[in-house]
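Undergrad: Quick one: structure below, then a few questions.
The values are calculated or read from the model by the stated rules, or taken from the named source; none is laboratory data. Computed from a prediction, not measured in an experiment: that's the story for all the values here. Cβ sites come from the backbone with ideal geometry, for glycine too, and all protein chains shown count toward neighbours. Just so you know, the surface numbers come from the protein's heavy atoms only, side chains and all, with ligands and any DNA or RNA stripped out. Shrake-Rupley method; radii C 1.70, N 1.55, O 1.52, S 1.80 Å.
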Amino acid sequence: MSETAVDPKVVGPWIQPKHLEPESIRSYREAFESHPARMILIRDFLVESKAEKLSRFLREEGEFRFEYGVYSKEDPVPEDEWSQATDDDRFFRLGKLVGTPQQFQFSPNALTYLQFRQTFQRPEFKALFEAISGMELGASDDFGAHYMRAGDFLRPHNDDNRNRRLALVLYLSPEWDPSFGGELKMVDKHGAAHTIFPEFNSIVAFDTLAETTHHIEAVQPSAEDRARVTIGGWYHRPG
């Protein structure tokens, strides 16, 4: 496993200090390794001010493109083709971050997002998740943000592709109510389901090679104009 240390000088400005204590990391690793889906949920993960700025950027400033996917094709399809597909072929409907409008490019929130993206790819940040998972991880060139409205969903699949090794999802929708839907459902190799509620400023990490599938329940009409916003990324296999 990588010998890069979990350096508080690098990750400390982002992550709550309580998560960087050796005892916390040991307990997270035990929980990850013993979970039947090889996963861990950590609440209150980022420093509060960082989480709030990231949330505001995604909900109020970022530019998203809404995409439509079907199981029968690898790439997204036009909305009309998706609408005409059979229901069991519809794979996803969601928004992906594609840029920042000019008026927001130098806002504190947008700059925080760019800084977080850079920090996520630092070896010291990766070292934390190597310590938590007990796995050696490679580089991360997969990183993005998603925006889900009422009616959006992501159906069952796994992330065992493109040499991905560890997946992470950071939830950034404040005051998200259970009635709004949007839960992550993880099914382990024994067929048991595990539900992860998209609680604000929590992060889930899971082993992409643990023979699991997962999906995101549809966001319900009760969410009205609220959005389920997340930042996600993958660390790849080393080498």
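Undergrad: For the range 51-154, what is the charge dipole size about the Cα centre, in debye to the nearest 20, if Lys and Arg each add +1 at the Cβ and Asp and Glu each add -1 at the Cβ? Walk me through the numbers before you get to the answer.
TA: Values: 12 positive and 19 negative charges, 112 e Å.
Charge dipole of the range 51-154: 540 debye, to the nearest 20.
Undergrad: A further question on this structure: If you roll a 1.4 Å probe over the range 44-149 with all protein chains in place, what percent of the accessible area is carbon or sulfur?
TA: Details: 2400 of 5400 Å².
In the range 44-149, the share of accessible area belonging to carbon and sulfur is 44 percent.
Undergrad: Compute the Rg to Rh ratio over the range 1-86 from the alpha carbon atoms, using the Kirkwood formula for Rh, and round to two decimal places. Can you show the working numbers first?
TA: Working: Rg = 19.7 Å, Rh = 17.1 Å.
In the range 1-86, Rg relative to Rh is 1.16.
Undergrad: Explain nothing, just the number: dipole magnitude of the range 36-79 about its Cα centre with +1 on each Lys and Arg Cβ and -1 on each Asp and Glu Cβ, in debye rounded to the nearest 20. The partial results should precede the final answer.
TA: On the way: 8 positive and 10 negative charges, 56 e Å.
Approximately 260 debye in magnitude.
Undergrad: Per residue of the range 90-103, in order, report the coupling 6.51 cos²θ - 1.76 cosθ + 1.60 (Karplus, θ = phi - 60°) as ³J(HN,Hα) in whole Hz, putting x for Gly and Pro.
TA: Result, rounded to whole Hz: 6, 9, 7, 8, 6, x, 10, 5, 10, x, 10, x, 3, 5.
Undergrad: Could I ask something else about it? Considering only I15, L58, Y68, whose Cα is most displaced toward the positive end of the charge dipole of the range 1-73, charges sitting on Cβ of Lys, Arg (+1) and Asp, Glu (-1)?
TA: Ranked along the dipole, the leading option is Y68.
Undergrad: Based on the alpha-carbon gyration tensor of the range 58-193 and its eigenvalue square roots a ≥ b ≥ c, which shape applies: rounded if a/c is under 1.5, prolate if not and a/b is larger than b/c, or oblate? Intermediate values should be presented prior to the final figure.
TA: Details: a/c = 1.66, a/b = 1.13, b/c = 1.48.
Because a/c hits 1.5 or more and a/b fails to exceed b/c, the range 58-193 counts as oblate.
Undergrad: Exposed loop sites here are trypsin sites (Lys or Arg not before Pro) in DSSP loop states with at most 14 other C-beta atoms within 10 Å. What is the longest stretch of the chain lacking them?
TA: Of all site-free stretches, the longest is 74-161.
Undergrad: Through the Karplus equation 6.51 cos²θ - 1.76 cosθ + 1.60, θ set to phi - 60°, convert the phi angles of the range 129-137 into ³J(HN,Hα) values in whole Hz; use x for Gly and Pro.
TA: 7, 5, 5, 6, 8, x, 10, 7, 10
Undergrad: For the chain, build the charge dipole from Cβ charges (+1 Lys, Arg; -1 Asp, Glu) around the Cα centre, then report which of G99, S202, I25 sits farthest towards its positive end.
TA: The one lying farthest along the dipole's positive direction is I25.
Undergrad: Once you order the gyration tensor axes a ≥ b ≥ c over the Cα atoms, which shape class does the range 146-215 get: rounded for a/c under 1.5, otherwise prolate or oblate by comparing a/b with b/c? Could you put the intermediate results ahead of the total?
TA: Details: a/c = 1.85, a/b = 1.62, b/c = 1.15.
Here the range 146-215 falls in the prolate category.
Undergrad: Another question, then. Tell me the chymotrypsin sites (Phe, Trp or Tyr not before Pro) within the range 62-111 that lie in a loop according to DSSP and have at most 16 other beta-carbon atoms within 10 Å. Display every interim value, and only then the final one.
TA: Values: sites: F64, F66, Y68, Y71, W82, F91, F92, F104, F106; in loops: Y71, F106.
Of the chymotrypsin sites (Phe, Trp or Tyr not before Pro), the ones in loops of the range 62-111 whose Cβ has at most 16 other Cβ atoms within 10 Å are Y71, F106.
Undergrad: Moving on to the next point. Could you give the length gained on full extension between N158 and D75, defined as 0.36 nm per residue of separation minus the Cα-Cα distance, in nm?
TA: Working: separation 83, 0.36 × 83 = 29.88 nm, distance 1.60 nm.
The span from N158 to D75 would gain 28.3 nm if fully extended.
Undergrad: Would you mind computing, in nm to one decimal, how far apart the modelled labels at E124 and V98 are, each placed 7 Å from Cα along Cα→Cβ?
TA: Between E124 and V98, the simple spin-label model gives 3.6 nm.
Undergrad: Enumerate the amide H contacts of I15 below 5 Å, restricted to partners 5 or more residues apart or on another chain; note that Pro and chain-start residues carry no placed amide H.
TA: Here the answer is V47, since their amide H atoms fall under 5 Å of that of I15.
Undergrad: Could you size up the charge dipole of the chain around its Cα centre, putting +1 on the beta carbon of Lys and Arg and -1 on that of Asp and Glu, and report it in debye to the nearest 20?
TA: Details: 28 positive and 39 negative charges, 105 e Å.
Roughly 500 debye, rounded to the nearest 20.
Undergrad: Same structure, new question: Report, ordered by chain and residue number, the lysines lying within cross-link reach of K185, taken as a straight Cα distance under 26 Å and ignoring same-chain residues fewer than 8 apart.
TA: K73, K96, K126
Undergrad: So which GluC sites (Glu not before Pro) in the range 174-239 are both in a DSSP loop and have at most 12 other Cβ atoms within 10 Å of their Cβ?
TA: Values: sites: E175, E183, E199, E211, E217, E224; in loops: E175, E183, E199, E211, E217, E224.
Loop-located and lightly packed - E175, E224.
Undergrad: What number comes out for the charge environment of M148, summing +1 per Lys or Arg and -1 per Asp or Glu over other residues with Cβ under 9 Å away? Show your work: numbers first, answer last.
TA: Values: positive: R93, R149, R228; negative: D152.
Residues close to M148 contribute a combined charge of +2.
Undergrad: Rounded, prolate or oblate: which fits the chain when a ≥ b ≥ c are the square roots of the eigenvalues of the alpha-carbon gyration tensor, with rounded for a/c under 1.5 and prolate only if a/b beats b/c?
TA: Numbers: a/c = 1.63, a/b = 1.23, b/c = 1.33.
Oblate is the answer for the chain, as a/c is 1.5 or above yet b/c matches or exceeds a/b.
Undergrad: Could you tell me the center-to-center distance, by alpha carbons, between the range 1-52 and the range 70-120 in angstrom?
TA: Cα centroid to Cα centroid, the span is 27 Å.
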